[in-house]
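Chemist: What follows is a single structure, and I will ask about it in a moment.
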Amino acid sequence: MLHSILSCVGQSFSLHHQPYKEQLSLTHRNLPFRKPIQGILRACQLHLMDSGNLTRVSEFLLLGLSEDPELQLILFRLFLCMYLITVLGNLLIILAVSSDSHLHIPMYFFLTILSLVDICFTSTTIPKMLVNIQTQSKVITYAGCITQMYFFLLFATLDNFLLTVMAYDCFVAICHPLHYTVIMNPRLCGLLVLVSFIMSTLNCLLQCLMMLRLSFCPHSGIPHFFCELNQMIQLACSDTFLNNVVIYFVTVLLGGGPLAGILYSYSKIVSSIRAIPSAQGKYKAFSTCASHLSVVSLFYGTLLGVYFSSVGTHSSQSSATASVMYTVVTPMLNPFIYSLRNRDIKGALKRFFGWWVNNR
């Protein structure tokens, strides 16, 4: 009997498209324990049929931050306001720097790129969330989910690299002020942005290709307001070991590397500031990088907060709520940090609004 079961299981793996009853009639019609064997083979065949259907998933359900109908209108208004503030604030930074020739230096060049990336970063997630709330539909297609994940990872990684590049710019400005214009020439600035973009693109391509190899069960619900990488891997019905290894490796390389570069730059900056004899000179040197230091602290602080909150609670809903900090709040606050703590930006904004009012 054992030989009969094994032979039929082998046939079901190689010929699972053939009707089950036909296989049974050929080899096991007269067995006294036909019904138990029939049950085993039927279960095996159903497993294979389910495995074939795993890759046919065409859509996911974005469960969002809350399923309470009374909170949907509040969430819609709140996130719409935060999205508009983010877009308008970062656009004002771009317009202020572009319209003032005094700000056409590497520091503000990187700031305009960062503002543009923040707009794109927020636009990958919030508009879809707002549409889902407005239409009362939680559906996102498989292709749409992979596309959203691609651009989210692209702009998140690019944000990380740009903060590192800006830390290097502060390091050169404070530690090597006499050679600043020579070192931070337009060619190097463009090359740094280009390399950051290429590295970010390679990262999101790798993660999305790794995601495409996974199989998902039909009608999978993502406990988030966007297609977040870790949540997608947890939903997979196939082996995710290789995906997890790639994520950990990339996190250490592309997350730890830039963070180490930022910490090294600021260690040198602090040493240089301490060596300045006058208090006024120390204040002027510190004010050069104060805005960037605030943005770096906010960015990495919220990321670490999201990580530790998800590890501590093991709740997907809590992780989704905490991720609002770095996906929405941080890009929204960046323009305020740079405009309130930077006299050059405040002056440029005043001149821009003055020009706009006079030309109406």
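The values are calculated or read from the model by the stated rules, or taken from the named source; none is laboratory data. Because the structure is a prediction, the values reported are computed rather than measured. Please note: Cβ atoms are built from the backbone with ideal geometry, for glycine as well, and neighbour counts cover all protein chains shown. These area figures cover heavy atoms from the full protein model, side chains too; ligands, DNA and RNA do not enter into them. Shrake-Rupley method; radii C 1.70, N 1.55, O 1.52, S 1.80 Å.
Chemist: Which helices (runs of 4 or more DSSP H) sit wholly inside segment 132-215 and have at least 3 residues that are within 15 Å of the chain's Cα centre (by Cα)?
Modeler: By residue number, 142-175, 186-212.
Chemist: Quick check, is residue 145 in contact with a helix residue (DSSP H, G or I) (Cβ under 6 Å, 6 or more places away or on another chain) and either modelled with pLDDT of 90 or more or closer than 30 Å to residue 72 by Cβ (or both)? Break it down stepwise before answering.
Modeler: Numbers: in contact with a helix residue (DSSP H, G or I) (Cβ under 6 Å, 6 or more places away or on another chain): no; either modelled with pLDDT of 90 or more or closer than 30 Å to residue 72 by Cβ (or both): yes.
Answer is no for this residue.
Chemist: Quick one: would you say residue 261 is farther than 28 Å from residue 222 by Cα and surrounded by 14 or more Cβ atoms within 10 Å (Cβ to Cβ)?
Modeler: Here the answer is yes, as residue 261 does meet what is asked.
Chemist: Here's a follow-up. With the requirement that a residue be open to solvent by less than 50 Å² (accessible area, probe 1.4 Å) and within 24 Å of residue 233 (Cβ to Cβ), what does segment 124-138 give you?
Modeler: 124, 125, 126, 129, 132
Chemist: Among the residues of segment 83-100, are any open to solvent by less than 30 Å² (accessible area, probe 1.4 Å), farther than 13 Å from residue 332 by Cβ and in a helix (DSSP H, G or I)?
Modeler: Yes: segment 83-100 contains one or more residues that are open to solvent by less than 30 Å² (accessible area, probe 1.4 Å), farther than 13 Å from residue 332 by Cβ and in a helix (DSSP H, G or I).
Chemist: Which count do you get for residues in segment 265-309 that are of a type in the set (Phe, Trp, Tyr), more than 22 Å from residue 339 (Cβ to Cβ) and free of Cβ contacts under 8 Å to residues at least 40 places away in the same chain?
Modeler: The initial filter retains those residues of segment 265-309 that are of a type in the set (Phe, Trp, Tyr), namely 266, 283, 286, 299-300, 307-308.
Adding the requirement that they be more than 22 Å from residue 339 (Cβ to Cβ) leaves 266, 307-308.
Those still in the list that are free of Cβ contacts under 8 Å to residues at least 40 places away in the same chain too: 307-308.
Number satisfying all stated conditions: 2.
Chemist: What are the residues in segment 317-357 that are open to solvent by 30 Å² or more (accessible area, probe 1.4 Å) and either touching a Pro at 6+ places or on another chain (Cβ under 7 Å) or basic (Lys, Arg) (or both), if any?
Modeler: Of everything in segment 317-357, those that are open to solvent by 30 Å² or more (accessible area, probe 1.4 Å) and either touching a Pro at 6+ places or on another chain (Cβ under 7 Å) or basic (Lys, Arg) (or both) turn out to be 317, 341, 343, 346, 350, 351.
Chemist: Return the residues of segment 52-69 that are closer than 11 Å to residue 216 by Cα, modelled with pLDDT under 85 and open to solvent by less than 50 Å² (accessible area, probe 1.4 Å); say none if nothing qualifies.
Modeler: Within segment 52-69, 52, 54, 57 meet the criteria.
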